[in-house]
Amino acid sequence: MIRALELVASGSYATVDDVIADGIEALRNRPGKDPNPKPHAAETVSVQSGPGFQALELGWNASGPMPKAVEPIGIESLPHPLIPITVPRFLAAKFVLRFLARSVVRAATEYLEADSFREQIGYAAFSWTEYVNRLDQQATHQRGRRLSTSFPDVARDQEKSMSRFLEAYVGSAYSSGPKVGGLLPFLGFVSLRGPAGRERIGITEAGLRFTRIPNPVLDETEASFPPFRNDEIAQILEAIATRSPAELDHMRYYLGSIKEMGRASRSSLIPRMRNFYVRFWSPLDLNAGMVEAMRATLHSRCLELGFVETEREGRTASYNLTEAGAEWLRGGSVRNTRGVEQNG
């Protein structure tokens with residue numbers, strides 16, 4: 001468990017579950033155990049570049065028909081004030097939203113049956129994984145900076161991987177009460193209505209605005225990391241601020257802690273973040289593993305927004321604030337290497 005936490009802290013893996021899954025896969029693929037071992041997902045896709053490497057069919061046609069926007073669900077439907085621990089990145093949400101927007105236009109309706117929509121994604125999402133894996137290979141992205149983080153994994157149990165992906169991003173209604181999980185409902189980018197098992201899903205005005213913004217990964221086949229333009233980052237932050245100020249405090253507390261430390265380590269951040277999490281959980285529940293898992297997914301999201309960076313020396317990792325992160329923390333503009341500036 002200690003080694004697993006170290007790997008998560010170094011940015012090599014997004015979660016402890018990923019470490020365990022890779023370990024199990026490695027054991028299964030030992031020489032002598034399987035004459036035809038299954039390679040890791042990143043090894044199953046050949047690198048393609050140039051004219052033959054086309055973008056996915058998820059580009060946005062600004063002159064085409066517009067989806068009908070719906071109202072977001074109320075914030076009282078959020079199961080918790082913080083983004084779920086199952087969501088290490090935001091990029092996959094853009095893919096799902098584009099797919100939803102197209103599906104709504106084709107159906108000429110405001111809402112789709114959520115089960116049918118999930119099934120449609122099940123047929124498409126592994127092609128998304130293949131696409132971002134190719135980009136990762138082109139850019140030789142290391143773990144922690146891979147675009148494929150959080151996409152369903154074709155090299156593991158595909159059914160479970162897809163189920164985790166759908167639950168993390170599309171979400172579902174709780175059978176125990178009027179709560180709705182998933183990142184997209186959390187951000188107010190989609191509306192998921194109806195009882196568990198019979199939900200309907202639609203795209204909101206905020207989701208539509210986010211969907212229409214050009215993205216370098218989706219629209220320009222760029223293997224860029226961070227994968228967002230400044231206006232995309234600004235809208236993600238606006239959605240968080242609108243839907244859950246507590247999650248915005250979560251980010252500011254983490255970035256502020258790193259800024260104070262100068263060069264923060266996992267071991268130094270665990271007690272600091274524990275002090276934040278006692279606002280939401282009993283201290284008796286906050287063991288080091290739970291705190292580290294929550295910190296690691298928060299760090300992964302902040303890394304994707306360009307607010308932090310990870311430096312590695314052997315097995316040791318340290319975390320630093322980027323100029324963009326420091327500027328946003330001061331209340332200034334969202335600024336990274338692409339697009340125009342947006343106020344934070």
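Read-outs: derived from the displayed coordinates by stated rules, not from any lab. Bear in mind that the values here come from a model prediction, so they are computed numbers and not experimental data. In this analysis, Cβ positions are derived from the backbone assuming ideal geometry, glycine residues included, and neighbour counts consider all displayed protein chains.
Expressed as a whole number of Å, what is the distance separating the alpha-carbon centroids of the stretch 63-130 and the stretch 173-229?
4
Past 28 Å, Cα to Cα: identify those pairs from 68/160; 179/259; 68/179, in the order given.
Beyond 28 Å: 68/160; 179/259.
How much length, in nm to one decimal, is gained on full extension between residue 267 and residue 313, taken as 0.36 nm per residue of separation minus their Cα-Cα distance?
Length gained, residue 267 through residue 313: 15.0 nm.
Per residue of the stretch 65-80, what does 6.51 cos²θ - 1.76 cosθ + 1.60 with θ = phi - 60° give for ³J(HN,Hα)? Whole Hz please, x for Gly and Pro, Karplus curve as stated.
Each residue of the stretch 65-80 in turn: x, 9, x, 7, 7, 10, 7, x, 6, x, 5, 5, 7, 6, x, 7 Hz.
Using 0.36 nm per residue of separation minus the Cα-Cα distance, give me the extension gain between residue 63 and residue 115 in nm, one decimal.
Length gained, residue 63 through residue 115: 15.8 nm.
Which of 82, 175, 97 sits farthest toward the positive end of the charge dipole of the stretch 61-227, with +1 on the Cβ of Lys and Arg and -1 on the Cβ of Asp and Glu?
Going by the Cα projections, it comes out as 82.
May I ask you to compute the full-extension gain from residue 85 to residue 176, defined as 0.36 nm times their residue separation minus their alpha-carbon distance, rounded to one decimal in nm?
Between residue 85 and residue 176, full extension yields 30.8 nm more.
Please arrange 278, 190, 170 by counting, for each residue, the other beta carbons lying within 10 Å of its beta carbon, fewest first.
278, 170, 190
Only counting other Cβ atoms within 10 Å, I'd like 141, 80 sorted with the fewest neighbours first.
80, 141
Normalised by the residues of the stretch 61-227, what does the relative contact order come to in percent, with Cα pairs under 8 Å and at least six apart?
Dividing the mean separation by the residue count of the stretch 61-227 yields 33 percent.
P(r) of the stretch 61-227 in 10 Å steps, Cα pairs, percent per bin?
With a bin width of 10 Å, the distribution comes to 10, 39, 37, 13, 1.
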